[in-house]
Amino acid sequence: YKVLGVSITSDEDVEAVDRIKKEYRNDVEYWRDFQSDDEVFLLVSKSVFKEVKETLDNNQMKIEIVQNNLDELINAERGPSRHDDKLVFGFNLAKHNSFDKIQKFLRKITSKYESMSKLEVIGNTHEKRPIYAVHV
């Protein structure tokens, strides 16, 4: 997401921003209500940024990109996760992985440490998939 500061100088500007919000309802947000002679901050997804900027430009509205990449800012503020960039045998612990990928990872780790670990099936999911445990 990008954060845009938009100067509102007329009722037409208010209507233009309201139209943008309605047209891109899942991709544009603003933090508070606004009126003429005000500034509004729009949270705009990257997928519709060009169209939103073009609409604002066509309405001759003054805009400023306040934050070019909000996700980056949020992640920087959170600080490092204990799993960030943590790869174990090519398996990223910080990301979503498919069931097949998880199975392969568990088999790989237990075969690497065969003398001290064992892969066991401890039950089944309601989809009839095995639930694995690594016995150390």
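Details
- Among the residues making up the stretch 21-48, those that are of a type outside the set (Asp, Glu) and touching a Gly at 6+ places or on another chain (Cβ under 9 Å) are VAL40, PHE41, LEU42.
- Test for MET116: is it over 30 Å from TYR1 (Cα atoms), of a type outside the set (Ser, Thr, Tyr), part of a loop (DSSP other than H, G, I, E, B) and in contact (Cβ under 8 Å) with a residue 12 or more places away in the chain: yes
- Residue count for the stretch 53-101, restricted to those that are among the hydroxyl-bearing types (Ser, Thr, Tyr), more than 30 Å from VAL6 (Cβ to Cβ) and modelled with pLDDT of 80 or more: 1
- Scanning the stretch 16-41 for residues that are in contact with a helix residue (DSSP H, G or I) (Cβ under 7 Å, 6 or more places away or on another chain) and under 11 Å from TYR1 (Cα atoms) yields one hit, VAL28.
The values are calculated or read from the model by the stated rules, or taken from the named source; none is laboratory data. If you're wondering where the values come from, they're calculated on a predicted model, not measured in any experiment. Cβ: placed from backbone, ideal geometry, glycine included. Neighbour counts: every protein chain shown.
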